[in-house]
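Okay, structure first, notes after.
The values are calculated or read from the model by the stated rules, or taken from the named source; none is laboratory data. Quantities reported herein were computed from a predicted structural model and do not represent experimental measurements. Cβ sites come from the backbone with ideal geometry, for glycine too, and all protein chains shown count toward neighbours.
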Amino acid sequence: KAAIEIRGVSRIYGTGHDKVTALDGIFLDIRENEFFTLLGPSGCGKTTLLRLIAGFDFPTTGGILLHGEDIAPLPPFKRPVNTVFQSYALFPHMTVADNIGFGLKMLGNPKAEVEARVAEMLDLVHMTEMRDRQVSQISGGQQQRVALARALAPKPKVLLLDEPLSALDYKLRKEMQIELKRVQAETGITFIFVTHDQEEALTMSDRIAVMSAGSLRQVGSPWDIYDRPAERFVADFIGESNFLEVEVASVTGDRASVRLRSGREIPATFPEGTTPKDKVTIVIRPEHAEIVDPTDEATLKGVIENVVYLGTDTNITVQLEGGSLFTVRQQNSRSGSCGRTEGQSVGILVSDDVAQ
Ligand code: ADP
Ligand code: MG
């Protein structure tokens, strides 16, 4: 069942030379109970879409339904939606508990009810011990928890989170990613989470919408997006990719065999309608290929241009015979070095699974 239905929404700012199409005719269903992520580069329209759902701004065309009802007539405070901002927007001189209860009190809830709800929220975000601390005297990660508790206190049906983790350092961000997932699972509230960080999107989301320049490029599970990118932009934006220009040799269903420049054929997955002799671009992830001796049955041949040690893996970039670069990621063994060095002539073996 859909929690939110975005129906042909556009948002155009300004006119004439100043015209900016921040959102360009978006259709999107976000399911109840879902951890849904909007992912895309800066300026692609993520914040604009959240603002339209929250009611801080209005679509130029199109509409938004919440649990089947058009929310256009509802002012922000009447929508069962709340927002966590990157800046947290807490009151620094108030206590943790007063921050969490502030909205509830403003809405005129009885004191005892506010207190009970605040206690529940403190427990949810594991901040009960900190309840009487001033917000200015707790850490960034703790402030993040308070902001989350405050946003959840009025029991919204949908929680909007606009890059809430981007100000945190790496370790804390990883910790808060797990916390957000836990809180979403425990509360069963639909989360719409915004990030420009592809790794964060892949680890946290039930589904991801990849956006660019005001439109949706692909909507799907992390697996879909990573392993079956619908187009080059998605493959390029999510993870690392090698692109090869090839010719289709034969087609059976959504499987095709493609011919590389070297004349060798490898399997690939394609959308329907692909026919033999088509010139297509295939994407091969660095971890779906391996470096072999050039004398082996290599699918590609070239010379190692550089070797980058990454701890668990090593990235080996090879200049192919045709001149383009191809990166292979190999897991490091405990015995250390991968034994490959710059200038070596090598072959690259591509494993079976290749997407368009
Ligand atoms: P994101 O959150 O993905 O970084 P935004 O939704 O903030 O992107 O912005 C999308 C586009 O709309 C950008 O080009 C931005 O400059 C433009 N934009 C956003 N808000 C306004 C505004 N109030 N007036 C004019 N242009 C705006
Ligand atoms: Mg933004």
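Here are some notes:
- Selected residue [assigned by TED's automatic domain parsing to the domain that holds SER139, over 14 Å from ALA209 (Cβ atoms) and away from ligand 2 (no atom under 16 Å from the Cβ)] from ILE12, ILE30: ILE12
- Selected residue (criterion: modelled with the lowest pLDDT) from residues of segment 239-254 that are among the hydrophobic types (A, V, I, L, M, F, W, C) and over 15 Å from LEU300 (Cβ atoms): VAL251
- ALA235 crowded, with 18+ Cβ neighbours inside 10 Å, touching a residue at least 40 places away in the same chain (Cβ under 8 Å) and in a helix (DSSP H, G or I): yes
- Single unsatisfied condition, VAL81 versus (1) surrounded by fewer than 17 Cβ atoms within 10 Å (Cβ to Cβ); (2) more than 16 Å from ligand 1 (Cβ to nearest atom); (3) closer than 26 Å to LEU107 by Cβ: (1)
- Filtered residue count, segment 104-142, keeping only those that are closer than 24 Å to LYS181 by Cα and of a type outside the set (A, V, I, L, M): 11
- The requirement of being surrounded by fewer than 15 Cβ atoms within 10 Å (Cβ to Cβ) and more than 20 Å from the chain's Cα centre (by Cα) is fulfilled nowhere in segment 205-222; no residue meets it.
- Looking only at segment 96-115, residues that are in contact (Cβ under 8 Å) with a residue 40 or more places away in the chain and either surrounded by 15 or more Cβ atoms within 10 Å (Cβ to Cβ) or not assigned by TED's automatic domain parsing to the domain that holds ALA151 (or both) come to 7 in all.
- Evaluation of LEU310 against (1) within 21 Å of ASP227 (Cα to Cα); (2) under 26 Å from the mean Cα position of the chain (by Cα) (one fails), failing number: (1)
- Segment 44-71, residues that are under 18 Å from GLU163 (Cα atoms), more than 18 Å from the chain's Cα centre (by Cα) and among the charged types (D, E, K, R): ARG51
- Of the residues making up segment 250-265, just one is crowded, with 19+ Cβ neighbours inside 10 Å and either among the small types (Gly, Ala, Ser) or not assigned by TED's automatic domain parsing to the domain that holds LYS301 (or both), namely ALA256.
- Going through (1) part of a helix (DSSP H, G or I); (2) over 33 Å from the mean Cα position of the chain (by Cα); (3) loosely packed, with under 15 Cβ neighbours inside 10 Å one by one, HIS93 falls short only on (1).
- Looking across segment 4-18, just one residue is at positive phi and either crowded, with 22+ Cβ neighbours inside 10 Å or within 8 Å of ligand 1 (Cβ to nearest atom) (or both), and that is GLY14.
- Taking helices (runs of 4 or more DSSP H) as the structural unit, those lying wholly within segment 111-215 and holding at least 1 residues that are more than 16 Å from ligand 1 (Cβ to nearest atom) and in contact with a Gly (Cβ under 7 Å, 6 or more places away or on another chain) correspond to 111-124, 140-152, 170-187.
Residue-wise test of (1) within 12 Å of ligand 1 (Cβ to nearest atom); (2) surrounded by fewer than 16 Cβ atoms within 10 Å (Cβ to Cβ).
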residue	(1), (2)
ALA2	no, no
VAL20	yes, yes
LEU23	yes, no
LEU28	no, no
GLU32	no, yes
LEU39	yes, no
SER42	yes, yes
LEU49	yes, no
